[in-house]
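Here the structure comes first, spelled out in structure tokens, and everything after it is commentary.
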Amino acid sequence: GAGVSQSPRYKVAKRGQDVALRCDPISGHVSLFWYQQALGQGPEFLTYFQNEAQLDKSGLPSDRFFAERPEGSVSTLKIQRTQQEDSAVYLCASSPPPYGTFLEDTQYFGPGTRLTVL
Amino acid sequence: SQKIEQNSEALNIQEGKTATLTCNYTNYSPAYLQWYRQDPGRGPVFLLLIRENEKEKRKERLKVTFDTTLKQSLFHITASQPADSATYLCALDLDFSGGYNKLIFGAGTRLAVHP
């Protein structure tokens with residue numbers, strides 16, 4: 001079946017531009033996560049949605065980062081006034097319901113969007 | 001401070017040998033520990049999960065151990081093949097009281113299996 005998809009796969013932005021990154025999770029998955037992965041590092045947690053509710057945004061690095069999932073399926077990560085330090089791969093992951101009931105749930109990752117800020 | 005450490009150097013081994021990757025952590029008390037594989041240009045793919053009360057878990061040629069006293073997990077690939085070449089990420093599974101698992105990843109170890 002279809003996995004998690006992300007678009008665009010590559011994005012080049014000039015410093016100061018706004019960007020929007022899209023995630024299509026696996027159909028029916030309740031939980032959705034965003035991660036940031038710098039070169040040579042592991043993914044770092046940004047934010048978590050359960051359906052349309054954003055339950056945890058503790059990893060968002062600044063108020064320039066904003067994420068939404070208005071209908072509980074597709075999610076968008078928006079970065080305003082991009083800076084060079086925002087250059088990274090942004091990964092989206094989803095998990096099947098009922099999340100938290102089965103204590104061994106794992107996450108299904110998309111291919112990521114590589115953002116380069118010039 | 002809280003830290004997860006994986007072998008920073010790439011691991012080069014000969015085909016057929018056993019690869020052993022290490023994950024050490026400090027100042028965390030994870031309920032679970034997960035291992036993921038990541039190929040260049042792709043997202044991580046889940047391999048194995050081990051609980052804090054399990055010492056060892058196996059899946060085909062993969063074996064994971066988890067020592068909560070040493071705060072260490074070892075990941076073994078037996079009879080390694082060139083197709084096993086990838087980066088392997090260790091992830092601690094935290095904060096389950098929130099009803100979801102927040103994964104904290106190590107930086108990963110790059111494994112290269114040579115024919």
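Put simply, of A:Tyr10, A:Tyr35 the only residue that is at pLDDT 95 or above, surrounded by fewer than 14 Cβ atoms within 10 Å (Cβ to Cβ) and hydroxyl-bearing (Ser, Thr, Tyr) is A:Tyr10.
Do you know which residues across the range B:44-64 are touching a His at 6+ places or on another chain (Cβ under 8 Å) and over 30 Å from A:Thr113 (Cα atoms)? Within the range B:44-64, B:Lys63, B:Val64 meet the criteria. Is it the case that B:Thr69 is more than 11 Å from chain A (Cβ to nearest Cβ), open to solvent by 60 Å² or more (accessible area, probe 1.4 Å) and at pLDDT below 95? For B:Thr69, the condition - more than 11 Å from chain A (Cβ to nearest Cβ), open to solvent by 60 Å² or more (accessible area, probe 1.4 Å) and at pLDDT below 95 - is met. Considering the range A:38-71, and only residues there that are open to solvent by less than 90 Å² (accessible area, probe 1.4 Å) and among the charged types (D, E, K, R), the residue that is nearest to the other protein chains (Cβ to nearest Cβ) turns out to be A:Asp56.
Can you list the strands (runs of 3 or more DSSP E) lying wholly within the range A:1-106 that have 1 or more residues being polar (S, T, N, Q) and touching a residue at least 12 places away in the same chain (Cβ under 8 Å)?
A:5-7, A:31-37, A:44-50, A:53-56, A:75-79, A:88-95
A residue that is open to solvent by less than 50 Å² (accessible area, probe 1.4 Å), modelled with pLDDT of 90 or more, over 27 Å from A:Phe49 (Cβ atoms) and not in a strand (DSSP E or B) can be found somewhere in the range B:83-98. For the range B:99-115, what are the residues that are in a strand (DSSP E or B) and touching a residue at least 40 places away in the same chain (Cβ under 8 Å)? Matches in the range B:99-115: B:Leu103, B:Ile104, B:Phe105, B:Thr109, B:Arg110, B:Leu111, B:Ala112, B:Val113, B:His114. For B:Thr78, are the conditions met, namely being out of contact with any Asp or Glu (no Cβ under 6 Å at 6 or more places or on another chain), in contact (Cβ under 8 Å) with a residue 60 or more places away in the chain and either open to solvent by less than 10 Å² (accessible area, probe 1.4 Å) or not acidic (Asp, Glu) (or both)? Spelling it out, B:Thr78 is indeed out of contact with any Asp or Glu (no Cβ under 6 Å at 6 or more places or on another chain), in contact (Cβ under 8 Å) with a residue 60 or more places away in the chain and either open to solvent by less than 10 Å² (accessible area, probe 1.4 Å) or not acidic (Asp, Glu) (or both).
Could you pull out the residue among A:Leu118, A:Leu21, A:Leu91 that is more than 14 Å from chain B (Cβ to nearest Cβ), under 30 Å from B:Ser8 (Cβ atoms) and of a type in the set (A, V, I, L, M)? One residue alone meets the criteria, A:Leu118.
The values are calculated or read from the model by the stated rules, or taken from the named source; none is laboratory data. In this text, all values refer to a predicted model and were calculated from it rather than measured experimentally. Cβ: placed from backbone, ideal geometry, glycine included. Neighbour counts: every protein chain shown. The accessibility values were calculated without ligands, DNA or RNA, using every heavy atom of the protein model including side chains. Shrake-Rupley method; radii C 1.70, N 1.55, O 1.52, S 1.80 Å.
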